[in-house]
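Visitor: There's a structure below that I have some questions on.
What follows draws every value from the coordinates through simple rules; no lab data is involved. All values reported here derive from a predicted model rather than from experimental measurement. FYI the Cβ positions are ideal-geometry reconstructions off the backbone, even for glycines, and counts take in every protein chain you see.
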Amino acid sequence: MQNSNTHLVFLTPGFPECEEDSTAIPALQVYLKALVTFAPYLKITIITFQYPFTKQKYYWNGILVVPLNGENSKFKKIIIWKKAYSLLKKMHFQQPITALHSFWIGECSFIGELFSKKYNIKHIVTAMGQDVYKKNKYAYHLKKSNATLVTLSHHHQTALFTNHTINSQIIPWVLDENNFPNLKENKIDILGVGSLTSIKNYTLFVEIIKNLVEIKPNIKVEIIGNGTEYAKINQLIETYNLKNTIQLKGKLSRKKVLEKMSISNILLHTSSYESFGFVFLEALYSGMKLVSFDIGFSTAIPEWKIGNSKETLTMNCLSFLDQKSRVKQRNRIFNLESVLIDYLTLYHGEIN
């Protein structure tokens, strides 16, 4: 499998602007760092279509990143596509591309598919979230393609097939376990982590806490994240007189999020949809218990209670709160080496 001529090109809408940027697509960051360590013979180039907002090439952990500076502008979209295609041609001429790996079913997979068909190159597309929804017209271009589609969980895989009749292989994300602080005594009873948007459903989160406070008046709750519904959630907390119970912490660095997890008991996740749920991996490895709907890679383990309504989520939280304190233990769900081998097999395998 090892080949010093292996040239992988990754296509993504966005990428961290520097190595210190820990919040931009953390799952992809972890994967790429692990990949270059596991397979140092690879030549990897990243083309990022929209973000960061610069045209200046730079290196990220030894990987060349070429930003096209689309700036999320619909007026620049066609220009950016032409730039990406032209750049791929130039790269392929300089050193033949072994495989293209596109992230999200979107503009990156669209350009990647056009180029891979023209030059008979392997194309892997990793769906990342709501891009498997029926309304995504980019999926049409993958229906009769030779691309290999990757989804992140059984729920994700089912959604892609149900909505677009496209088969996929499940390859989950994994953690960089070296980034985690030591586990400590719990100081936060319930933690929420995620963007304050409608799909994350923090209105329900606050309503569940309101119910719990009637039984457990002294619980300590924090919400980490920012978003379009911040003001709405803040107002709801005031309306329910929960200012002394729930603290809105805003956006924090990933390091600080993991520190918060290390001193927290329960992750309450009220999102109505997750393709995978990277935050679940982080919470379990931080020794936390989980309460959520049946979303992402939801798994039947004692530390994870799955509900289907506000009432069941409330009762699940209460059940965990009533448990006697115990020594916290890390939970590892997926194996890093298996994930890397699965992707390397796709990169080096035959074209479908």
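Visitor: Can you give the extra length, in nm with one decimal, that the chain gains between K143 and I333 once fully stretched, where that is 0.36 nm per residue apart less the Cα-Cα distance? Don't skip to the end; give the middle numbers.
Guide: On the way: separation 190, 0.36 × 190 = 68.40 nm, distance 3.14 nm.
The K143-I333 span can extend by a further 65.3 nm.
Visitor: Moving on to the next point. Give the residue from N265, G129, F49 lying farthest towards the positive end of the charge dipole for the chain; charges sit on Cβ (+1 for Lys and Arg, -1 for Asp and Glu) and the dipole is referred to the Cα centre.
Guide: Looking along the dipole axis, the top candidate is F49.
Visitor: When the label point is put 7 Å from the Cα of N72 along its Cα-to-beta-carbon vector, which residues of the stretch 33-57 have a backbone N closer than 17 Å?
Guide: Zone members listed by number: 48-54.
Visitor: Quick one: of K187/K243; K134/K260; K255/K289; K134/K256, which pairs are farther than 27 Å apart, Cα to Cα?
Guide: Working: K187/K243 17 Å; K134/K260 36 Å; K255/K289 20 Å; K134/K256 36 Å.
Checking Cα-Cα distances, K134/K260; K134/K256 exceed 27 Å.
Visitor: Now for a different question. Any idea what the dipole of the chain comes to, in debye rounded to 20, about its Cα centre with Lys/Arg Cβ at +1 and Asp/Glu Cβ at -1? Display every interim value, and only then the final one.
Guide: Details: 41 positive and 27 negative charges, 168 e Å.
In total the dipole reaches around 800 debye.
Visitor: Per 10 Å bin from zero, what fraction in whole % of the C-alpha pairs of the stretch 215-352 is there, up to the bin with the longest pair?
Guide: Using 10 Å bins, I get a P(r) of 10, 34, 36, 13, 6, 2, 0 for the stretch 215-352.
Visitor: Given 0.36 nm per residue, what is the gain on full extension from D176 to T37 after removing their alpha carbon distance, in nm?
Guide: 48.8 nm
Visitor: Figure the gain on full extension for T228 and K184 (residue separation times 0.36 nm, minus the Cα-Cα span) and round it to one decimal in nm. Show your work: numbers first, answer last.
Guide: Working: separation 44, 0.36 × 44 = 15.84 nm, distance 3.25 nm.
Working it through step by step, the gained length comes to 12.6 nm.
Visitor: Match the structure shown to one of the listed values (i) 67, 41, 39; (ii) 58, 50, 43; (iii) 78, 40, 37 of Cα extents along the principal axes in Å, computed from it, and give that label.
Guide: (i)
Visitor: Using just the helices of the chain, give the 222 nm mean residue ellipticity in deg cm²/dmol: DSSP H runs with n ≥ 4 each add -39,500 (n - 2.57), and the total is spread over all residues, rounded to 500. Spell out each step's value before the answer.
Guide: On the way: 10 runs with 119 residues, N = 352.
When only DSSP H runs of four or more count, the value is -10500 deg cm²/dmol.
Visitor: Next up: Specify the angular offset, from 0 to 90 degrees and rounded to the nearest 10, of the alpha carbon long axis of helix 107-119 from the longest principal axis of the alpha carbons in the chain.
Guide: Result, in degrees: 30.
Visitor: Residue by residue through the stretch 313-324, which ³J(HN,Hα) values in whole Hz follow from phi under the Karplus form 6.51 cos²θ - 1.76 cosθ + 1.60 (θ = phi - 60°), with glycine and proline marked x?
Guide: 5, 4, 5, 5, 4, 4, 4, 5, 5, 7, 5, 5
Visitor: Report, for the chain, the % of DSSP beta bridges that are antiparallel, rounded to 5.
Guide: Details: 3 of 46 bridges.
So the antiparallel bridges in the chain amount to around 5 percent.
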